[in-house]
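The values are calculated or read from the model by the stated rules, or taken from the named source; none is laboratory data. The structure presented is a predicted model; accordingly, all values stated were derived computationally and were not measured. Every residue, glycine as well, gets a Cβ built from its backbone with ideal geometry; the counts of neighbours run over all protein chains shown.
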Amino acid sequence: MKKNINRRQILGGLTATGALACSPQNSSSYNAQEKNYYGSFLHGVASGDPKSDKVIIWTRITPENPHLGQLNVKWELSENENFELISKSGFFATQIARDFTVKIDVKNLEADRVYYYRFHFNNNTSPVGKTKTLPEYSVEKANFAIVSCSNWEHGYFNVYDHISRQEHYDAVIHLGDYYYEYGAGEYEGASETNLNRIHSPKHEIITLDDYRLRHAQYRSDNSLQLLTQKLPLIAIWDDHETSNDSWKSGADNHDLNEGSWTERTHAALRAYYEWMPVREPKPGQLKSDIFRSFDWGNLLTLITVETRLTARAEPLVMEDHFEKITSPGGADSFKSDILNDPSREMFGQNQSRFIINELKKSKSSGTTWRVIANQVIMGRLLTADLEPYIDEGSLSIIEKDWKGVRKSIQLSKYKLPVYPDSWDGYPHAREQFYKELINEGIKDIIVLTGDAHEFWINDLTSKNNEKIGIECVTTSVSSKTMTAYLGENTSDYSLLLTQANPDARYYNALHNGYIDFSLSHENGKVKMMGVSTVKSQKYEAFEVASFELKRQSETIIATKPKGLNLKQRALFEGFGQSKS
């Protein structure tokens with residue numbers, strides 16, 4: 001097990017530069033009460049991967065005797081909440097071999113239709129779930145809740161609770177890190193023991209049984225159950241669904257003494273497909289081929305991608321190249337020869353071909369918007385020089401746990417990737433993707449991203465400064481934000497990093513929350529929603545900032561910002577930013 005120390009821990013020693021954060025406005029109070037459904041359906045219900053003619057419905061049976069053989073579960077789907085008229089029904093045979101999960105891809109449905117569904121087993125009836133198929137032709141508007149990074153130990157899923165209280169969403173898009181693989185207290189500090197939210201099993205999950213147990217624990221959360229009961233889910237995995245900083249052939253958090261990486265990923269993906277309302281790849285495809293597309297009539301095409309297990313090369317650790325980078329001319333050599341190595345793939349050829357073809361079809365059919373659901377930050381974000389802002393006392397404290405902290409601080413002056421396992425760690429792969437888009441005349445993509453535990457609005461530009469589109473990054477549901485490490489200096493660091501990166505239009509690392517994302521044919525709207533706490537189920541929800549997305553020439557820009565303070569607004573407009 002590798003010690004989990006990350007770059008956020010360096011930043012806790014930043015000295016303040018005097019910036020002030022914007023105070024949240026118009027907050028509302030809520031209480032995410034614990035209400036578990038007892039009987040055979042302890043993990044609730046869910047739906048997902050809606051199409052115009054089909055949708056997946058899901059539940060799990062909790063048998064009194066886990067050694068029973070095959071269990072026959074009845075399912076029903078209706079256009080009426082009281083099930084006066086049954087549209088579809090059937091039986092699903094589940095057993096211990098699939099962890100008693102029930103998952104049906106209900107087909108031959110009507111487009112743009114609300115459906116209700118439920119399950120029956122052993123004289124018990126499940127909660128009634130609500131879902132909706134996609135529109136097939138003309139549609140005026142679509143609304144989504146965008147979420148990422150839900151860590152059981154770090155706090156309550158108040159974000160899920162707040163989303164489930166809203167009535168205007170068509171679907172929830174989960175961008176990964178739906179759960180975390182670490183053992184109790186192993187990820188970014190000790191477990192929140194006062195919340196009684198300790199990972200189960202208590203060890204790092206590696207086997208099929210381990211992954212199933214972790215899914216079961218997260219699905220026991222009342223707020224998650226309410227969310228998936230009320231809205232269809234479109235989900236992709238990031239790294240923690242297998243192991244931290246995963247790539248095609250391994251992971252930072254996978255050691256040889258933990259067994260075969262191939263066996264571990266097979267176990268993780270098997271449990272994922274058992275427990276998630278996600279449509280499995282077609283016969284002949286790999287289990288990791290989770291990339292797929294969804295069409296909301298003539299309004300938008302949504303493409304979900306896979307950036308971990310399909311083709312990704314091993315992430316670089318900048319400190320491993322310290323001597324080369326800090327030698328005369330070494331930084332440029334490192335960037336050209338190692339960082340920009342053409343063999344460092346992200347999508348792979350098959351996935352790239354799929355994405356480009358789907359985008360081409362979308363554009364040629366006259367669809368208004370093209371959206372990519374993506375795991376890690378795609379925009380260019382390079383390090384700001386931190387040496388003037390961190391004191392010796394803080395370095396000495398951090399150095400007790402991390403001997404390499406001084407190297408990391410020294411490297412910050414060389415404009416290296418802020419997040420080496422993001423697209424900045426694979427600049428050649430990103431540039432090739434941009435070239436393919438440009439060659440097809442596609443310069444208007446909206447990329448939705450998670451992973452970073454912070455809000456961003458980033459311009460997407462090629463190395464020749466040709467604009468490709470815009471990126472909207474959501475913060476975490478409950479995983480610790482930068483505030484846990486920087487405290488009152490969080491706003492200062494956000495301004496420093498925004499100033500150093502001309503493609504970064506807005507950065508806020510203060511809050512847990514989600515993005516309220518809506519599209520009409522005229523424009524798009526991004527509302528960054530925050531919650532006041534994840535340490536209590538009594539919380540306030542508020543709008544952190546908002547932006548309008550509109551077309552400008554061939555591309556898309558962010559405009560009409562709200563909720564920004566004076567310094568944030570100046571940087572959003574491009575004043576005071578680095579031009580390099």
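At a glance:
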| quantity | calculated |
| --- | --- |
| Hey, Gly176 assigned to a loop (DSSP other than H, G, I, E, B), closer than 21 Å to Thr59 by Cα and touching a residue at least 40 places away in the same chain (Cβ under 8 Å) or not | yes |
| Per-region count, region 39-73, residues acidic (Asp, Glu), modelled with pLDDT of 95 or more and closer than 22 Å to Asp221 by Cα | 1 |
| Conditions (1) part of a loop (DSSP other than H, G, I, E, B); (2) at pLDDT 95 or above; (3) charged (D, E, K, R); (4) over 15 Å from Tyr426 (Cβ atoms): number failed by Lys282 | (2) |
| Any hit, region 500-518, residues being surrounded by 23 or more Cβ atoms within 10 Å (Cβ to Cβ) and over 26 Å from Val477 (Cβ atoms) | no |
| Top-ranked residue of region 417-436 - restricted to ones that are under 16 Å from Lys463 (Cα atoms) and in contact with a Leu (Cβ under 7 Å, 6 or more places away or on another chain), ranked as surrounded by the fewest Cβ atoms within 10 Å (Cβ to Cβ) | Pro427 |
| Test: Leu496 is part of a helix (DSSP H, G or I), hydrophobic (A, V, I, L, M, F, W, C) and either closer than 26 Å to Lys525 by Cβ or in contact with a helix residue (DSSP H, G or I) (Cβ under 9 Å, 6 or more places away or on another chain) (or both) | yes |
| Search result, residues across region 154-197 that are within 19 Å of Thr481 (Cα to Cα), at pLDDT 95 or above and small (Gly, Ala, Ser) | Gly155, Gly176 |
| Identity of the residue in region 248-268, in contact (Cβ under 8 Å) with a residue 24 or more places away in the chain and surrounded by 20 or more Cβ atoms within 10 Å (Cβ to Cβ), that ends up nearest to His174 (Cα to Cα) | Ala268 |
| Among the candidates Arg279, Arg270, Arg197, residue that is farther than 30 Å from Thr133 by Cβ and under 22 Å from the mean Cα position of the chain (by Cα) | Arg197 |
| Number of the condition not met by Ser293 [criteria: (1) touching a helix residue (DSSP H, G or I) at 6+ places or on another chain (Cβ under 9 Å); (2) within 22 Å of Glu153 (Cβ to Cβ)] | (2) |
| Output for region 77-88, where each listed residue is part of a strand (DSSP E or B) and loosely packed, with under 15 Cβ neighbours inside 10 Å | Ile86 |
| Whichever residue in region 509-549 is in contact with an Asp or Glu (Cβ under 8 Å, 6 or more places away or on another chain), in a strand (DSSP E or B) and without any contact (Cβ under 8 Å) to a residue 60 or more places away in the chain and, among such residues, is nearest to Asn489 (Cα to Cα) | Lys527 |
| Failed criterion for Asn458 (all others in (1) surrounded by fewer than 24 Cβ atoms within 10 Å (Cβ to Cβ); (2) part of a strand (DSSP E or B) hold) | (1) |
| Single residue of Thr94, Thr133, Thr101 found to be at pLDDT 95 or above, closer than 29 Å to Asn298 by Cα and among the β-branched types (Val, Ile, Thr) | Thr133 |
| Among (1) farther than 30 Å from Phe291 by Cβ; (2) within 30 Å of the chain's Cα centre (by Cα), the one test that Gly393 misses | (2) |
| Within region 95-154, considering residues that are of a type in the set (S, T, N, Q) and crowded, with 17+ Cβ neighbours inside 10 Å, the one farthest from Gly530 (Cα to Cα) | Thr101 |
| Evaluation of Thr301 against (1) within 20 Å of Val376 (Cβ to Cβ); (2) outside any helix (DSSP H, G or I); (3) touching a residue at least 60 places away in the same chain (Cβ under 8 Å) (one fails), failing number | (1) |
| Pick from region 219-241, criterion of a type in the set (Asp, Glu) and over 18 Å from Thr62 (Cα atoms), ranking: surrounded by the fewest Cβ atoms within 10 Å (Cβ to Cβ) | Asp238 |
| Where Glu167 falls short, out of the listed (1) closer than 14 Å to Gln225 by Cα; (2) assigned to a loop (DSSP other than H, G, I, E, B) | (1) |
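Residue-by-condition table, conditions (1) out of contact with any helix residue (DSSP H, G or I) (no Cβ under 9 Å at 6 or more places or on another chain); (2) surrounded by 16 or more Cβ atoms within 10 Å (Cβ to Cβ):
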residue	(1), (2)
Gly524	yes, yes
Met528	yes, yes
Val531	no, yes
Ala541	no, yes
Ala545	no, yes
Arg551	yes, no
Thr559	yes, no
Leu564	no, yes
Gly574	yes, no
